[in-house]
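What follows is a set of notes on a single structure, which appears directly below.
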Amino acid sequence: MSAADLLPLLRGLTWTVALTAGAFLIGAVLGVPLLAARQSRLWPLRFLAMTAIQIVRAIPPILWLFIIFFGLGMGVMPISPFNAALMGLGLIAAANMAEIYRGAVASIHFGQWEASAALDLGRWSIFRDIIAPQAFRVALPSAASYLIGLMKETAVASTIGVAELAYQGNQLSQLTFRGLEVFALVGLFYVLLSLPIAWLSRVADGYLRAKVAR
Amino acid sequence: MFPTQDEISAWLPDLLGGLSISLQVTGLSLLIGIPFGLVLALGVLAKNRLLKGVSLFLVEVGRGAPALVLLQFIYFGLPSTGLTLSSFSAAIIALAWNTGAYTSEIIRASLQSVALGQREAAEALGLSRFDELRYVLLPQGLRVALPALLGFSILIFQGTSLCFTIALPELVSRAYEIGSTTFRYFPALLAAGVLYAAISIPAAFLVNHVEKRAGLYAQR
Amino acid sequence: MDGAILYLREDDRLHGRVQPAMMPASTDVLIRLKSLSKHYGTHIVLDGIDLDVRSGEVLAIIGPSGSGKSTLLRCINYLEPPDGGIITIGSMTIDAARPVARAELSGLRRRVGMVFQSFNLFPHMSVLRNVSLAQERVLGRSRAEADERSMQLLKRVGLADKAGQFPVRCSGGQQQRIAIARSLALDPEIMLFDEPTSALDPELGLEVLAVMRELAETGMTMIVVTHEMGFAENVSDTVMIMADGHIVEKGPSKDVMRNPQQERTKRFLRAVHDR
Ligand SMILES: Nc1ncnc2c1ncn2[C@@H]1O[C@H](COP(=O)(O)OP(=O)(O)O)[C@@H](O)[C@H]1O
Ligand SMILES: [Mg+2]
C-alpha cells in the first residue's frame, strides 16, 4: 500500500461526510413535522405517525436502501445510488430524530406549558419561544451521538455502489490484497470522523450551559 | 407492487430459512457478546494498565468502527494472515465484538450506578472485592442494565442484515436473490421487511414494557 | 371596608397615581363564580363553588392540602377547564358547560394573571425577556416598548439590576418577584397566586409577600392561596376556608382568623398554629 492508495479513501471520506450531513439534515428537519403529527390532537394522524416511526425503525437500513434502490429504482423510477442512500438514511434519521425530539419535549417541565398558557402565548409562540429552544438544548447531546451513529450507518450505502469510505476500502482491498491494513485504516477513519462531532457537541453543550448559568 | 399469493408461498420457505439464519447469528452473537461485554467492562475498570489498555482498545474500535467494517475486516482482512473463516463464523465474531463493545458500556454504567450506594455497605460488611462484585454489584447491575441490553439485542438482530456483504444467506441475501432472479425486487424486499418488522416491533413493545417495569422498580 | 366607590383605570393604580390610602375595595363585583364544579373521574374536587370577589378585594384562600384550592384557581383561568358552572369577569361571561372559543379563552387569560408556587420562569431567557415576551407576542408591543415597560415593572419589584441575568442566577424570592412582574406585564385585572411562598425559605418569602402587599395597596384584585396566616389576617380583606371542594367559611379576614364560626375552620386554624 502506498500513499497514492490513500487518495481513493480520502475521496470516499468526502462522500461519507456528504451523505451523513445530508441524511442528518433531512432527518433533523422532517423530524419536526413527524413529531408534531405524533403529538397531534387528531388520533388518526397520531396513529399514522406512530406506526410510520415504528416501521421505519423496525427494518434494517440496508434493507431500506435496497427497497428504494432496487425495489423502487428498478420498478417505478430510476434513482442514483447516492440519492437512494440519501432518501433511505434521511427517512431513518427522521424517525429517529422525531423520537429524540419527543424525549426532549417530554423532559420540559409542565410548569413551562402552564406559565405560557397563563400568559396567553399562542400555540406557535409557545412552540417557537418556549418549548423549541429548551428542547433543542436537551436534544443536543442525543442528537450528536445519533449523528455519530448515522455516520457509521452510511457505510451500508457501499452495498448499492455509493463510492463512500467503506466502498473505497472494499475496492482497495481487492486491488491490493491487503484487506487487513485497508479495513483497519477504514475503521480508523470512521473513528477519526466521529471525534470532531463529539468535540463540537461538547463545546456547544458547554456554551449553552454557560449561557444560561451566566 | 405487492407479492401475489403464489409468490408468497413460493418464497416463504426461502425467506424463513434466511430469517432462521439471522436469528441464529443474533442469538450466538449475544450469547458470546454479552459475557464478553462484562469482561470488557471489568477490564476497563481494572487497575492493571495493560488489561485496561487492551479492553479500552477493543471497546473503542468495536464501537467506533461501523459493524459493516468490522465484518469485512474479519471476513476479507483476516485471510491475509492465514486465518480464513466461514461467513457464518466471521459474522458471529464481528457482531459479538460489536455487542461486547456496546454492552460493556451499558454494563459499566450500571455497575457504577449501583456501586455508588452499595460499595461502602459491602465494604462495611468486610466482603472481599470479588465477593462484593459477585454477590452485590453484579446481580443489581445486570438488573439495571437489562432494558438497555434487550434494546441492544433488537439492534443486533437488525445488524445481521449487514452479513449480506459477506455472502451469508441470511434474510436480506435471500430476498435480494429472489429479486435478482425474478426481477420482482420490490415485492421480495418488502416481504423481507415484513418479516423484520414482525420480530422487531413486538420486541420493541416488550423492551418498552420491561423499561417501564424497571422504572417502577427504580423508583421504589 | 365600605366607602366611596372610586372608578379607576387599572394603570392609574399600577402607576401609583392614586394614593394607596384612597383605595378602598369597591362594592362592584369583578369576579363571580356560579356553581363552578370539577371532578377527576369519580373524585369531586370542586363541588359547586359560588363566589363573589369585588374589584380591589384581596381574597385569601386557606385550607388543608387536597381541598381543591389550586384547582379552583386553575379553573378560573381555564388552565383546567371546569366541568360546569359560570365564570363572570367584569363584562365577560363564560359558561363552562359549553366549549369555549379561542378568543374567549384569550380574553380570560389576559384579564387574569397567575403566579405559581414553582415560579415557572423561562430558564433560557434573560429576566428582561421573561417579562417582555408576552407583551410582544400577545399585546403586539414593539420590543423597545415592551422592554421599557418591563424595566418599570422590574423596578417595582426591586429587581431592575437583574434584568440582564438568567433566572438560574436569581434566588427563589427574586424569581418569584420576577414571575409577578411577568404577570403584571399584561396589565391583568385580577392576579391569582397559588402558594407563592411555599417553595421559599421564610426570609425569602417575606420579600415576595412585601411585593404582594404593595400590589394589594395599589388596588389590584387578588386571589391568594396561602399558608401565610399573617398575610391572610393582615393584608387580605377577606378569608375563605376550603375543605373537600367546598367553601367552609368566608368573611372579613380579621373575623374569620380571630373568631371562626365553623368547627372545621377552628380545627384547621388550630392545626396550623400548633405546627
Ligand atoms: N390532574 C389531576 N388528576 C387527578 N386528580 C387531581 C388532579 N389535580 C388535582 N387532583 C386532585 O384534586 C384534589 C384537589 O387538588 P388541589 O386543587 O391541588 O388541592 P390543594 O391545592 O388544595 O392542595 C386532590 O385530591 C388532588 O389529588
Ligand atoms: Mg395546591
Exactly one of (1) within 11 Å of chain A (Cβ to nearest Cβ); (2) open to solvent by less than 60 Å² (accessible area, probe 1.4 Å); (3) closer than 21 Å to A:Val182 by Cβ is unmet by B:Glu60. Its number? (2)
Take the residues in the stretch A:110-121 that are out of contact with any Leu (no Cβ under 8 Å at 6 or more places or on another chain) and at the interface with chain C (Cβ under 7 Å from one of its Cβ atoms), then tell me which one is surrounded by the most Cβ atoms within 10 Å (Cβ to Cβ). A:Gln112
For the condition under 24 Å from C:Lys34 (Cα atoms), within 16 Å of ligand 1 (Cβ to nearest atom) and not polar (S, T, N, Q), what is the one hit in C:Ile49, C:Ile89? C:Ile49
Just checking, does the stretch A:108-126 include any residue being assigned to a helix (DSSP H, G or I), among the small types (Gly, Ala, Ser) and closer than 29 Å to B:Val207 by Cβ? no
Test: residue in the stretch B:76-96 that is more than 12 Å from chain A (Cβ to nearest Cβ), over 16 Å from the mean Cα position of the chain (by Cα), surrounded by fewer than 20 Cβ atoms within 10 Å (Cβ to Cβ) and over 28 Å from B:Gln24 (Cβ atoms): no
Residues satisfying the stated conditions in the stretch C:190-201, i.e. in a loop (DSSP other than H, G, I, E, B) and closer than 19 Å to C:Arg109 by Cβ: C:Pro196
Out of A:Ile126, A:Ile92, A:Ile130, sole residue that is crowded, with 18+ Cβ neighbours inside 10 Å, within 30 Å of A:Ala163 (Cβ to Cβ), touching a residue at least 12 places away in the same chain (Cβ under 8 Å) and among the β-branched types (Val, Ile, Thr): A:Ile92
Kindly check whether there is at least one residue in the stretch B:159-182 that is surrounded by 21 or more Cβ atoms within 10 Å (Cβ to Cβ) and of a type in the set (Phe, Trp, Tyr). yes
Residue by residue through the stretch C:202-235, note down the ones that are crowded, with 18+ Cβ neighbours inside 10 Å, in a loop (DSSP other than H, G, I, E, B) and within 16 Å of ligand 1 (Cβ to nearest atom). C:Thr226, C:Glu228
Take the residues in the stretch C:27-39 that are crowded, with 18+ Cβ neighbours inside 10 Å and more than 16 Å from ligand 1 (Cβ to nearest atom), then tell me which one is farthest from C:Ile223 (Cα to Cα). C:Leu30
Criterion violated by A:Ala166 - all others in (1) within 15 Å of the chain's Cα centre (by Cα); (2) small (Gly, Ala, Ser); (3) under 30 Å from A:Gly179 (Cβ atoms) satisfied: (1)
From the list A:Tyr167, A:Tyr101, which residue is open to solvent by 40 Å² or more (accessible area, probe 1.4 Å), closer than 23 Å to B:Gln158 by Cα, at pLDDT 95 or above and out of contact with any Cys (no Cβ under 9 Å at 6 or more places or on another chain)? A:Tyr167
Check off (1) open to solvent by 40 Å² or more (accessible area, probe 1.4 Å); (2) facing another protein chain (nearest Cβ under 9 Å); (3) touching a helix residue (DSSP H, G or I) at 6+ places or on another chain (Cβ under 6 Å) for A:Gly179 and give me the number that stays unchecked. (1)
Run down C:Gly66, C:Gly84 and say which single residue is closer than 24 Å to C:Tyr40 by Cα, open to solvent by less than 40 Å² (accessible area, probe 1.4 Å) and either touching a helix residue (DSSP H, G or I) at 6+ places or on another chain (Cβ under 7 Å) or not aliphatic (A, V, I, L, M) (or both). C:Gly84
Single condition C:Thr42 does not satisfy, out of (1) more than 8 Å from ligand 1 (Cβ to nearest atom); (2) in contact (Cβ under 8 Å) with a residue 12 or more places away in the chain: (2)
Do any residues in the stretch C:108-124 that are facing chain A (nearest Cβ under 7 Å) have Cβ atoms under 6 Å from those of residues that are among the aliphatic types (A, V, I, L, M) and in a loop (DSSP other than H, G, I, E, B), where the two are at least six apart or on different chains, and which pairs are they? C:Arg110/C:Leu186; C:Ser118/C:Ala199
Residue identified as open to solvent by less than 20 Å² (accessible area, probe 1.4 Å) and touching a residue at least 12 places away in the same chain (Cβ under 8 Å) among C:Ala243, C:Ala199: C:Ala243
Considering only the stretch A:1-49, how many residues are outside any loop (DSSP other than H, G, I, E, B), hydroxyl-bearing (Ser, Thr, Tyr) and surrounded by 14 or more Cβ atoms within 10 Å (Cβ to Cβ)? 2
Pairs needed: first member in the stretch B:142-167, within 16 Å of A:Gln54 (Cα to Cα); second member anywhere, surrounded by fewer than 21 Cβ atoms within 10 Å (Cβ to Cβ) and of a type in the set (A, V, I, L, M, F, W, C); C-beta distance under 8 Å; at least 6 residues apart or different chains. B:Gly151/B:Val207; B:Ile154/B:Ala203; B:Ile154/B:Ala204; B:Ile154/B:Val207; B:Phe157/B:Leu23; B:Phe157/B:Ile199; B:Phe157/B:Ala203
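The values are calculated or read from the model by the stated rules, or taken from the named source; none is laboratory data. Keep in mind that what you see is a predicted model, and the values were worked out from it rather than measured. Neighbour counts run over all protein chains shown; Cβ positions are idealised from the backbone, glycine included. These area figures cover heavy atoms from the full protein model, side chains too; ligands, DNA and RNA do not enter into them. Shrake-Rupley method; radii C 1.70, N 1.55, O 1.52, S 1.80 Å.
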